[in-house]
Amino acid sequence: MNRKILPIGVDNFADFRRMNYYYVDKTDFIKELLTNPGKVNLFTRPRRFGKSLNMSMLKCFLEIGADKELFDNLAISKETQLCETYMGQFPVISISLKTAHGDSYEFARNELCTIIAKEALRFRFLLDSNKLYEEDKSLYRQLIHVDTSLKGTFAMSESTITSSLNTLSMLLEKHYGRKVIILIDEYDVPLAKAASGRYYDKMIILIRNMLDAALKTNEHLYFAVMTGCLRVSKESIFTGLNNPKIYSLLDAECDERFGFTDTEVRQILDYYQLSEYYHITKEWYDGYRISNAYVYNPWDVINWCNQLLKSPDKRPKSYWKNSSSNEEVKKFLCRMGNGVTKAQIERLISGETVQKTIEEQLTYNTMYDNVENMWSLLFATGYLTPGEMPAGNLVRLKIPNNEVRDIFSDFILELFEEKVAEDGTLVTEFCAALKNGDTSDVERVFMKAMGKTISIRDTAVRKEFKENFYHGLILGIMLFKSDWGVTSNRESGDGYYDLQIEIEEEEIGIIIEVKYAEGGELDAACADALDQINKNNYTAELIEDDMHKILKYGIACYKKQCKVVLERESTI
């Protein structure tokens, strides 16, 4: 079967339609937007939710000279009157600000010049237009000016950057005799990067003035669409705009147009003959609530399907984590004990909700100033989602799925490792107890270690996650024992053990199997752990490596309690 290609990293709508990529039809977005557009429309969604693809789709639909065949057999093609009114009828200026950043204001400003200039170059025909005066063409040349003294880079004055989109709109309206549509994707990236790069004050002025000229005082504008992660406060950037129409995570309009719906995911899995993976796909990548709709992260679904087609036995993983630094979660967790309680994090990790007041209008330079802003930031960026429809700004937040829970868990374990590193005696005591077979000391030291981090509540989260979490805590301690050979989750005998340790000088081998004790049944969980070690012959690799003394540990955990049992085996 000659299946369509999975579109990993593709966000150009024309490429989707011309190059045999699998496309989830989101063209109803065009109808929803154009049926009742605002003068300025802002869509806020987390990263990797299809914002750039939808903006590319709008450009392809609206722009003069549109290739109408791109929309054949798609939902929008049934809207005959709307297509006649809008399709291919407008000059369109389309820019993405996702690369307008750098280590300094000067570098970020130059990147912004390049973005604007490259878009302006799409309209080079303006230099030959008989509708423009020479003065108009001189203004256009300023937008595409190359400074040879700066290694051939585009160069504009601050005033030229500020007026650039307004100027280009004016020139295009003169040439075509039609007002212009402006599309600005990832409008807030320059502000986010400027805040971390400590040049926010300069960048906010530049972006504010540019948007003001393009979207408020622009008589050549028909309407504009912007996308971003955050709705940056009106006071800091949108002071000049008259009531921009906001489509946030709490708004019902267009709620299913970014992200994949459950039906769409089922269709993808069925198309690639992966339907048997539906439930695990849902557990890992669904759960983002936008008003009354639940959607999946498209980036994850596409990458997961691609992985399954290559290796059907692979486990799901966090593709979203690997596409960003996840700085929001790191900084939030670092506030534990300073405005963020362990109990709140424990409830989230365990699948419960935490009630918070959400402020949708934030500023990038103050979003880490207080904990309440950080809760709002985690909501806006998709790390937390409403557990139920909110009452005003009061929202019950939860972690949406296993992938995001893994992101939280990984950073919690990183923080735990940092605390372990600060406490040199903990590693020494724990490892000595393990080597000597002193189960009471193993229990004592491990419970002491667990007191340094969160616990897992006995709630709806899958047992597998709970076991992996406690497994991670033990591994976090063992990694500091550099003279021991420590391996994790590797095949031996007839299965995959949790932890294996080889102390070569003393020919001691250790196998550890970690269990979560549902309902606090620690003894039963320990027995299950030892039974699994023996049944699956996990000691096979240790015996092959000439470990003559083997210690088999079953460790059961429940909240901040643990039980340790031991079986000894000699190969001499």
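The figures follow:
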| quantity | calculated |
| --- | --- |
| Odd one out for Val146 among (1) surrounded by 17 or more Cβ atoms within 10 Å (Cβ to Cβ); (2) over 17 Å from Met226 (Cβ atoms); (3) among the hydrophobic types (A, V, I, L, M, F, W, C) | (1) |
| The one condition in (1) touching a Ser or Thr at 6+ places or on another chain (Cβ under 7 Å); (2) open to solvent by 10 Å² or more (accessible area, probe 1.4 Å); (3) over 21 Å from Glu521 (Cα atoms); (4) of a type outside the set (Val, Ile, Thr) that Arg457 fails to fulfil | (3) |
| Extreme residue, farthest from Asp313 (Cα to Cα), among residues of segment 262-276 that are of a type in the set (Ser, Thr, Tyr) and either exposed (fewer than 15 other Cβ atoms within 10 Å of the Cβ) or out of contact with any helix residue (DSSP H, G or I) (no Cβ under 7 Å at 6 or more places or on another chain) (or both) | Thr263 |
| Lone qualifier among Glu283, Glu253 - being surrounded by fewer than 20 Cβ atoms within 10 Å (Cβ to Cβ), in contact with a strand residue (DSSP E or B) (Cβ under 7 Å, 6 or more places away or on another chain) and either in contact (Cβ under 8 Å) with a residue 40 or more places away in the chain or not in a loop (DSSP other than H, G, I, E, B) (or both) | Glu253 |
| Residue ID - farthest from the chain's Cα centre (by Cα), chosen from residues in segment 313-356 that are part of a helix (DSSP H, G or I) and without any contact (Cβ under 8 Å) to a residue 24 or more places away in the chain | Ala343 |
| Leu413 surrounded by 16 or more Cβ atoms within 10 Å (Cβ to Cβ) and more than 29 Å from Lys317 (Cβ to Cβ) | no |
| Extreme residue, modelled with the lowest pLDDT, among residues of segment 375-424 that are part of a loop (DSSP other than H, G, I, E, B) and among the β-branched types (Val, Ile, Thr) | Thr381 |
| Long-range neighbours under 6 Å by Cβ, at least six apart or interchain, first residue without any contact (Cβ under 8 Å) to a residue 60 or more places away in the chain and among the polar types (S, T, N, Q) within segment 75-99, second part of a helix (DSSP H, G or I) and open to solvent by less than 10 Å² (accessible area, probe 1.4 Å) | Ser77/Phe71 |
| Among the residues listed as Ala517, Ala525, the single one being within 39 Å of the chain's Cα centre (by Cα), at pLDDT 95 or above and either small (Gly, Ala, Ser) or open to solvent by 30 Å² or more (accessible area, probe 1.4 Å) (or both) | Ala525 |
| Any hit, segment 290-300, residues being of a type in the set (A, V, I, L, M), assigned to a helix (DSSP H, G or I) and over 18 Å from the mean Cα position of the chain (by Cα) | no |
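Residue by residue, here is whether (1) touching an Asp or Glu at 6+ places or on another chain (Cβ under 8 Å); (2) open to solvent by less than 10 Å² (accessible area, probe 1.4 Å) holds:
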{"position": "Ala192", "(1), (2)": "no, no"}
{"position": "Tyr199", "(1), (2)": "no, no"}
{"position": "Arg208", "(1), (2)": "no, no"}
{"position": "Tyr222", "(1), (2)": "no, no"}
{"position": "Cys229", "(1), (2)": "yes, no"}
{"position": "Val232", "(1), (2)": "yes, yes"}
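The values are calculated or read from the model by the stated rules, or taken from the named source; none is laboratory data. Remember, it's a predicted structure, so these values are computed and weren't measured experimentally. Ideal geometry is used to build each Cβ from the backbone, glycine not excepted, and the neighbour counts take in all protein chains shown. With ligands, DNA and RNA removed, areas are computed over all heavy atoms of the protein, side chains included. Shrake-Rupley method; radii C 1.70, N 1.55, O 1.52, S 1.80 Å.
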